[in-house]
Amino acid sequence: MGIICGKNGIGVAPELLIRTDASWTACRGCDNFSCTYATLLACGEFMICPTRANGTEPDCSKAPRLVSNSWGGSGGQTFYDDIVAAWDAAGIIGIFSNGGSGPKCSSIGSPADSGKTKVIAVGATTEQEELGKYSSLGPSVYNQIKPDLAAPGSDIRSAYNTNDESYATLSGTSTAAPHTAGVIALILSAHPDHDYEKVTEALYSGATQTVASTGGNCGGIPDTEYPNNYVGHGRLSAIGSLP
């Protein structure tokens with residue numbers, strides 16, 4: 001959440017919490033480093049109709065417009081497809097980290113690689129405008145170009161869970177996905193009526209195509225062509241994607 005909307009210079013969209021009635025909610029889908037299907041599915045359902053911590057008083061009016069997911073597993077899994085489809089039906093946009101199994105081609109994980117649902121898969125770039133060496137690549141097992149785009153993911157400073165005053169510097173597609181979520185929050189603030197199609201159009205058309213080439217051609221597409229299986233449509237740009 002720090003990357004999405006944290007203050008003190010670490011968040012993409014902190015002003016949304018200050019100047020508007022925007023709010024955030026979270027669901028812990030992973031206990032330590034273990035993420036069970038049951039818990040992840042329960043969190044997915046919670047986002048459609050949030051409840052109190054004890055599971056009572058469901059209130060679907062409190063459902064978010066987007067859900068940032070910094071988790072994933074091996075590719076080709078479909079167990080989360082129904083959840084993402086339900087999110088889409090409820091007007092919720094799902095953003096997923098692409099995975100950290102690069103630089104091998106077709107290393108993208110699930111649910112980022114979903115072939116049947118509307119997800120936004122996010123790879124990671126460095127401050128030097130290079131692809132993060134750990135960032136998973138496409139194509140997916142469904143032969144789709146993935147990721148959909150890339151975002152800053154290396155050496156990212158954000159809030160940490162040690163205590164309420166802690167910060168840490170981390171790297172991964174798990175820090176890239178919330179950058180994308182923050183920009184989407186800004187887009188939706190400016191255009192509350194935007195749906196998945198209009199949001200992705202803004203993201204993809206605004207992305208910069210300036211990430212250094214690796215010389216690779218995963219899926220038969222050189223990474224100098226866009227979209228490609230390295231950074232998708234390019235590197236996320238808040239300025240380019242906003243009016």
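Where a number appears in this text, it was derived from the coordinates with a stated rule and is not lab data. Source: prediction; values computed, not measured. All Cβ positions, glycine included, derive from the backbone under ideal geometry; neighbour counts span all protein chains shown.
Think of it this way: in the chain, Cys5 stand alone, with no other Cys Cβ under 4.7 Å.
Largest GNM mean-square fluctuation among Ser135, Ser61, Ser205, using the chain with Cα springs under 10 Å: Ser61.
For region 164-220, the alpha-carbon coordinates run over 39, 37, 18 Å along the three principal axes, in decreasing order.
Please compute the contact order of the chain in relative form: average sequence separation of alpha-carbon pairs under 8 Å and at least six residues apart, divided by the residue count, as a percent.
On the way: 562 pairs, mean separation 44.3, N = 243.
Once normalised by length, the contact order is 18 percent.
Along its three principal directions, the equivalent ellipsoid of the chain from the Cα gyration tensor extends over semi-axes of 26, 20, 18 Å, largest first. DSSP bridge analysis restricted to region 37-128 gives an antiparallel fraction near 10%, rounded to the nearest 5. Label zone of Ile10 (point 7 Å out along Cα→Cβ, amide N under 19 Å): in region 160-192 this covers 160-183. Translational diffusion of region 197-243 was estimated from the Stokes-Einstein equation, with Rh taken as the Kirkwood radius over Cα pairs; at 20 °C and 1.002 mPa s the coefficient is 195 µm²/s.
Per the helix-only calculation at 222 nm, which mean residue ellipticity applies to the chain, given -39500 (n - 2.57) for every DSSP H run of n ≥ 4 and division by its residues, nearest 500 deg cm²/dmol? Each step should come with its number before you reach the end.
Values: 7 runs with 63 residues, N = 243.
Value at 222 nm, helices only, nearest 500: -7500 deg cm²/dmol.
Counting other Cβ atoms within 10 Å, which trypsin sites (Lys or Arg not before Pro) in region 15-80 have at most 10 and lie in a DSSP loop?
Values: sites: Arg19, Arg28, Arg52, Lys62, Arg65; in loops: Arg28, Arg52, Arg65.
In loop regions of region 15-80 (DSSP not H, G, I, E or B), the sparsely surrounded trypsin sites (Lys or Arg not before Pro) are Arg28, Arg52.
The lysine pair count for the chain, using Cα distances under 26 Å and pairs eight or more places apart or on different chains, is 13. Take every DSSP beta bridge with both residues inside the chain and express the antiparallel ones as a percent of the total, to the nearest 5. Of the beta bridges lying entirely in the chain, close to 45 percent run antiparallel.
Can you give me the convex hull volume of the Cα atoms of region 1-144, divided per residue and expressed in Å³?
Working: hull volume 19.3 nm³, N = 144.
Convex hull of Cα atoms, per residue: 134 Å³.
Mean projection of the Cα convex hull over all viewing directions, computed for region 86-200: 8.3 nm². Taking the alpha carbon gyration tensor of region 56-132, multiplying each eigenvalue by 5 and rooting it gives semi-axes of 27, 15, 10 Å, largest first.
Distant-in-sequence amide contacts of Gly216, defined by a placed amide H-H separation under 5 Å and a gap of 5 or more residues or a different chain, comprise Asp223. Computed from the C-beta positions of Cys35 and Asn217, the FRET efficiency with R₀ = 41 Å rounds to 0.80. For chymotrypsin sites (Phe, Trp or Tyr not before Pro), the sites in region 6-72 that DSSP calls loop and that have at most 10 other Cβ atoms within 10 Å are Phe33.
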